[in-house]
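Since the structure comes first, as structure tokens, the remarks are kept for the end.
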Amino acid sequence: RLIRLLELRGDTTGALAQCALLVRADPKDAEGVFLYANALVQAGERVRALALLDALAQRSGGEPATLSELVTFYERVGEAGRARLTLERLARAPGAPPSALVELGSHYFIDGNKEEAVATWRRLLLQRNTESSRSLLGTVLVEH
């Protein structure tokens, strides 16, 4: 709440200081790290924000929810390379959502690498070879 109040008052320096304290208190708290990274990007300190997020990616241990948030953040700030690497890591993580494979395959498809895209989408069947997985694969292939 204090960080939000400082941001509303326009006290960027104070908000950044409080975010830094929050992250130092619990560096594994992804929400706090994203809050701090957002504040850093808004303050024009993109390099520090990306370093903070890269460290979070290393500490995450492949946790799908954190990796998914990282992909979204990287895409939002125009870091396509980092987003792709994190998405690849997410797609390999145990318990990764099928949407990660669909999105990764779509990235390959857009880049013109259709063989890699289809191979990635077929991994849906390796996760769970169920009727819903086959249906999802069919839908993705029809769309592309």
* Structure fact -> Heavy-atom accessible area of the chain with neighbours in place, 1.4 angstrom probe: carbon+sulfur share in percent works out to 54
* Structure fact -> With every protein chain kept in place and a 1.4 Å probe, the chain has an accessible area per residue in Å² of 59
* Among the helices of the chain (complete DSSP H runs), which have Cα atoms covering no less than 15 Å along the helix axis and a Kyte-Doolittle mean of at least 0.5? -> 12-25, 30-42, 98-110
* Percent of Cα-Cα pairs per 10 Å bin, from 0 to the last occupied bin, for the stretch 1-60, please list those. => 26, 56, 17, 1
* Choose one answer from L70, L56, L125: the residue with the largest mean-square fluctuation in a GNM of the chain with alpha-carbon springs under 10 Å. => L125
* To do: Kindly provide the trypsin sites (Lys or Arg not before Pro) of the stretch 18-65 that DSSP labels as loop, not H, G, I, E or B, and whose Cβ sees at most 16 other Cβ atoms within 10 Å.
  => K28
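Could you tally the net charge around K28, taking each other residue with its Cβ under 11 Å from the Cβ of K28, Lys/Arg +1 and Asp/Glu -1?
Working: positive: R59; negative: D26, D29, E31, E63.
Computed value for this residue: -3.
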* Structure fact -> Which of (i) 2, 7, 12, 15, 15, 13, 10, 7, 5, 4, 4, 3, 2, 1, 0, 0; (ii) 2, 10, 20, 23, 22, 14, 7, 3, 1, 0; (iii) 2, 10, 18, 17, 15, 11, 9, 8, 5, 4, 1 is the computed P(r) over Cα pairs in 5 Å bins from 0, in percent? It is (iii)
* **Positive-end residue, the chain charge dipole about Cα centroid, Cβ charges, pick of W121, L22, F34** => L22
* **Two-decimal ratio, the stretch 98-139, of alpha-carbon radius of gyration to 2.2 N^0.38 Å** => 1.07
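Semi-axes of the equivalent ellipsoid for the stretch 23-107, please: Cα gyration tensor eigenvalues, times 5, square-rooted, ordered largest first, whole Å. Please list the in-between numbers first.
On the way: eigenvalues 96, 45, 15 Å².
After diagonalising the Cα gyration tensor, the semi-axes are 22, 15, 9 Å.
The values are calculated or read from the model by the stated rules, or taken from the named source; none is laboratory data. Not measured: the values here are computed from a predicted model. Note: ideal-geometry Cβ built from the backbone for every residue, glycine included; neighbour counts use all protein chains shown. Quick note on the areas: whole protein, heavy atoms, side chains included, nothing else; ligands and nucleic acids left out. Shrake-Rupley method; radii C 1.70, N 1.55, O 1.52, S 1.80 Å.
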